[in-house]
Protein chains: 2
Amino acid sequence: MNTEGLSINLATVRHQFGLKDGVEACLKHRITAIAPWRDHIQATGLDEAAQIIKQNGMKVTGYCRGGLFPAADAAGRQAAVDMNKEMIDEAAAIGADCIIMIGGGLPKGSRDIAAARAMFADGMAAVLPHARAARVPLAIEPLHPMVAADRGCISLLSQALDLCDALGEGVGVAVDVYHLWWDPNLARDIARAGKRILAHHICDWLVPTKDLLLDRGMMGDGVVDLPAIRRMVEAAGFHGHQEVEIFSTENWWKRPGDDVLKTCIERYNTVC
Amino acid sequence: MNTEGLSINLATVRHQFGLKDGVEACLKHRITAIAPWRDHIQATGLDEAAQIIKQNGMKVTGYCRGGLFPAADAAGRQAAVDMNKEMIDEAAAIGADCIIMIGGGLPKGSRDIAAARAMFADGMAAVLPHARAARVPLAIEPLHPMVAADRGCISLLSQALDLCDALGEGVGVAVDVYHLWWDPNLARDIARAGKRILAHHICDWLVPTKDLLLDRGMMGDGVVDLPAIRRMVEAAGFHGHQEVEIFSTENWWKRPGDDVLKTCIERYNTVC
């Protein structure tokens with residue numbers, strides 16, 4: 001079956017593989033694109049990670065995950081800026097197409113989500129010159145409103161695009177079907193995003209969903225109209241990989257990694 | 001403590017009280033406004049329910065819950081229209097300020113949320129003449145996007161207001177902080193709603209939230225800036241009751257009903 005245009009976010013097989021064996025497993029299934037998380041790179045060491053990726057000719061469709069700028073005090077906000085600058089250097093070293101930037105949640109004790117959003121914008125502006133210099137695009141990923149309080153205060157694609165407009169060159173968006181499938185303005189906003197779409201993440205929304213974070217479904221097992229969203233993204237001008245990102249404590253993280261990859265390929269060919 | 005302007009949605013004490021003893025408990029605490037659900041009315045019988053409400057001088061800030069129009073076939077859609085017409089008559093009989101109308105989820109097997117939304121609009125149009133004749137306003141309640149698939153396909157306040165614009169007189173919105181607190185366009189859309197705000201529901205968003213439906217928090221226990229949203233609603237011209245609606249399997253539904261009501265009053269006076 002076809003694996004062209006398919007990328008595996010390594011979170012999908014987080015409990016089965018690290019970076020090295022994850023790459024090997026992907027290659028065994030003729031998957032040549034991945035998206036690693038920072039802990040994958042740190043566990044391996046940056047030089048070795050870059051070598052594994054380059055020697056195997058892997059495409060890196062994204063590096064997860066930066067952003068997370070809101071913090072209770074100036075020291076916390078500076079730490080986030082520093083962390084993101086390090087990630088930009090790491091992303092350059094491994095040749096990532098972009099860094100996935102998520103909003104972060106409310107600082108402890110805060111009920112002011114507008115302030116958190118302003119901190120995100122400030123943090124983006126603070127790291128953007130470094131990202132431009134390193135030629136690493138930053139992809140703002142709106143997260144589902146159900147994680148706005150504790151994980152991602154950037155919730156709507158329109159909101160991410162307003163930020164892109166304000167920040168200028170070097171910033172785009174990641175369109176993750178899990179976070180955005182329900183948005184009545186999705187078609188409008190994907191068209192507005194146009195060439196600023198830097199990543200396209202796929203999985204599915206299960207009914208019922210049993211956990212706000214770790215119960216994502218495999219493509220085809222839920223209610224998301226994946227072909228419809230893919231057509232919107234392609235019409236907007238994005239023809240990059242579809243990246244499978246599934247967090248699934250009770251199902252996919254428990255299965256043999258090879259079976260998960262096989263299923264990703266099968267579903268990619270039949271329902272995406 | 002002040003109880004003026006406070007209403008108790010009887011779902012908040014669903015496991016402690018029915019309609020009659022719920023009204024008695026509220027009156028004991030000098031709460032004179034409630035919002036019952038249809039099962040409360042059906043368990044009591046409409047005539048007796050209306051009598052309990054009127055003889056005790058209770059204000060009814062809303063009747064829960066109509067809408068739910070999407071269905072897999074024409075017979076299912078007609079059944080929903082019929083159910084809503086019956087609810088309109090019941091709402092008139094108990095003197096409810098409005099009926100709370102929720103979107104309903106995707107019909108079984110469907111991945112077409114746009115179609116579900118169109119069915120909701122069609123259903124609203126079908127029952128609206130009946131509602132106008134009975135002088136019962138219909139309050140469209142946008143529900144949190146995390147329940148878009150299985151419960152409420154109307155997700156954004158802006159989306160509900162677009163429907164109000166299309167449907168005309170007799171339709172407004174319910175602003176529930178639980179569903180809308182995260183929306184970056186909340187201030188804009190509450191101002192746009194203006195006099196069309198027919199109900200204002202309060203509770204809180206807990207961090208962490210352990211269940212997508214039944215883990216709502218008591219005001220003050222979460223991250224919602226309740227006074228800020230109250231000010232937006234008042235500035236828009238709504239000066240009706242704040243109605244406490246908490247679904248809480250593992251906490252508030254397990255406590256003695258009097259304690260829950262006491263806590264609602266205390267928090268209403270201190271954090272709302």
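The values are calculated or read from the model by the stated rules, or taken from the named source; none is laboratory data. In this text, all values refer to a predicted model and were calculated from it rather than measured experimentally. Because the Cβ atoms are built from the backbone with ideal geometry, glycine has one as well, and the counts that use them run over all protein chains shown. Areas reflect the complete protein model, heavy atoms only, side chains present, ligands, DNA and RNA absent. Shrake-Rupley method; radii C 1.70, N 1.55, O 1.52, S 1.80 Å.
Across the range B:227-254, the qualifying residues are those that are closer than 15 Å to B:PHE17 by Cβ and of a type outside the set (Phe, Trp, Tyr), and the one among them that is surrounded by the fewest Cβ atoms within 10 Å (Cβ to Cβ) is B:LYS254.
Out of contact with any Asp or Glu (no Cβ under 8 Å at 6 or more places or on another chain) and within 22 Å of B:CYS264 (Cα to Cα): does that describe B:TRP205? Yes.
If the condition is being more than 14 Å from chain B (Cβ to nearest Cβ) and farther than 19 Å from A:ASP183 by Cα, then the range A:140-159 contributes no residue at all. Condition check for B:ASN251 on (1) closer than 24 Å to A:PRO208 by Cβ; (2) within 14 Å of another protein chain (Cβ to nearest Cβ); (3) without any contact (Cβ under 8 Å) to a residue 40 or more places away in the chain; (4) not basic (Lys, Arg): one failure, at (2). Screening A:ASP162 on (1) acidic (Asp, Glu); (2) over 22 Å from A:GLN242 (Cα atoms); (3) more than 10 Å from every other protein chain (Cβ to nearest Cβ) shows it passes everything except condition (3). Residues that are open to solvent by 40 Å² or more (accessible area, probe 1.4 Å) and either under 17 Å from the mean Cα position of the chain (by Cα) or of a type in the set (Phe, Trp, Tyr) (or both) within the range B:96-122 comprise just one, B:ASP97.
Among the conditions (1) open to solvent by 20 Å² or more (accessible area, probe 1.4 Å); (2) not in a loop (DSSP other than H, G, I, E, B), A:PRO184 misses just one, which is (2). Inside the range B:188-208, residues that are facing chain A (nearest Cβ under 9 Å) and surrounded by fewer than 23 Cβ atoms within 10 Å (Cβ to Cβ) make up a count of 3.
Residues that are hydroxyl-bearing (Ser, Thr, Tyr) and open to solvent by 10 Å² or more (accessible area, probe 1.4 Å) were ranked within the range A:9-52; the one that is nearest to A:ILE94 (Cα to Cα) is A:THR44.
Against the condition out of contact with any Pro (no Cβ under 8 Å at 6 or more places or on another chain) and within 30 Å of B:ASP221 (Cα to Cα), how does A:ALA115 come out, does it pass? Criteria not met by A:ALA115. Scan the range B:168-181 and tell me whether some residue there is in contact (Cβ under 8 Å) with a residue 60 or more places away in the chain and either among the small types (Gly, Ala, Ser) or touching a Gly at 6+ places or on another chain (Cβ under 7 Å) (or both). Within the range B:168-181, one or more residues are in contact (Cβ under 8 Å) with a residue 60 or more places away in the chain and either among the small types (Gly, Ala, Ser) or touching a Gly at 6+ places or on another chain (Cβ under 7 Å) (or both). Contact annotation: no residue pair with Cβ atoms under 6 Å, 6 or more positions apart or on different chains, pairs a residue in the range A:88-108 that is within 14 Å of chain B (Cβ to nearest Cβ) with a partner that is hydroxyl-bearing (Ser, Thr, Tyr) and surrounded by fewer than 19 Cβ atoms within 10 Å (Cβ to Cβ).
Out of B:ALA114, B:ALA160, B:ALA133, B:ALA126, one residue alone is in contact (Cβ under 8 Å) with a residue 40 or more places away in the chain and aliphatic (A, V, I, L, M). It is B:ALA126.
The set of residues from the range B:214-248 being hydrophobic (A, V, I, L, M, F, W, C), under 21 Å from A:LEU212 (Cα atoms) and within 9 Å of another protein chain (Cβ to nearest Cβ) comprises B:VAL223, B:VAL224. Among the conditions (1) within 11 Å of another protein chain (Cβ to nearest Cβ); (2) under 25 Å from A:THR270 (Cβ atoms), the only one that A:VAL175 does not satisfy is (1).
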